[in-house]
Amino acid sequence: MEHGIERVLISEQEIEAVVARLGREITAAYQSVEQLDLVVVGLLRGSFMFMADLVRQIKLPMVVDFLTVSSYGAGTVSSGNVKVVMDLDQSIEGKDILMVEDIIDTGHTFNKIIGLIRHRRPRSLKICTFLSKPSRRLVEVPIDFCGLTIPDEFACGYGLDHAQKYRNLPYVGVLEPALIKGQ
Ligand code: PRP
Ligand code: MN
Ligand code: MG
């Protein structure tokens, strides 16, 4: 076990199965859409690893883009002060947008991002998240595709960080409680 990680929450094998299932669900959901113009948008940095695995399991033509937002900074609690650090590279007007997140916690990040995306008039907007912590929700988010629901523990790895570390772990682990600041 990596230093600072208490135990494994979601193993590599479980991740693979969940991502494959999400890929099938997403492929099925868009398969019959006429003149599909799919843009899969990953929210950086947390979604980078999930995004890379997920797009390989979606069997549809697509364009991939990224939006960098940040709300946590170096802390462990969402501030609600969501900033767009780097915007999309293209217009999304009239396109079918699939937003991809690593985790939806309070919902603040997505609440802000959904408003911004809708304002740009896509034809459709769906949301896929690898993880969701419903017990922590402060703002409702309409999730179309959800990998796993997890309890209120500090998850790290597979893109998820604590103070920018642990993102490279190939599994999702629980951070040792002693390391959690600002809670
Ligand atoms: C994390 C996570 C989600 C968001 C979820 O991002 O990746 O984007 O917080 O929390 P919320 O539902 O309470 O808003 P963070 O702001 O830490 O940036 P990061 O993706 O670079 O880690
Ligand atoms: Mn994030
Ligand atoms: Mg983070």
Of 113, 26, 3, which is farthest towards the positive pole of the chain's charge dipole, taken about the Cα centre with +1 and -1 on the beta-carbons of Lys, Arg and Asp, Glu respectively? 113
Please identify the trypsin sites (Lys or Arg not before Pro) of segment 81-175 that satisfy two criteria: DSSP loop assignment and at most 15 other Cβ atoms within 10 Å. Which are they? 120, 123, 137
Under 17 Å from residue 165, Cα to Cα: aspartates and glutamates that are on another chain or at least 8 residues apart: 2, 6, 102, 153, 176
Please compute the Cα-Cα pair-distance distribution of segment 65-155 with 5 Å bins starting at 0, giving whole percents from short to long. 3, 13, 24, 26, 20, 10, 4, 1
Simple spin-label estimate for residue 87 and residue 36 in nanometres, 7 Å along Cα-Cβ: 2.9 nm
Using unit Cβ charges (K, R positive; D, E negative) and no other charged atoms, how large, in debye to the nearest 20, is the dipole of segment 83-183 about its Cα centre? 300 debye
GluC sites (Glu not before Pro), restricted to segment 1-39: which are DSSP loop and have at most 14 other Cβ atoms within 10 Å? 2, 34
If R₀ is 22 angstrom, what is the calculated FRET efficiency for the pair residue 163 and residue 7, using the beta carbon separation as r and rounding to 0.05? 0.65
When the convex hull of the C-alpha atoms of the chain is computed, what volume per residue in Å³ does it have? 104 Å³
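Computed from the coordinates by the stated procedures, all read-outs in this text should not be read as laboratory data. Just so it is clear, the structure is predicted and the values come from calculations on it, not from any experiment. Glycine gets a Cβ as well: all are built from the backbone with ideal geometry, and neighbour counts include every protein chain shown.
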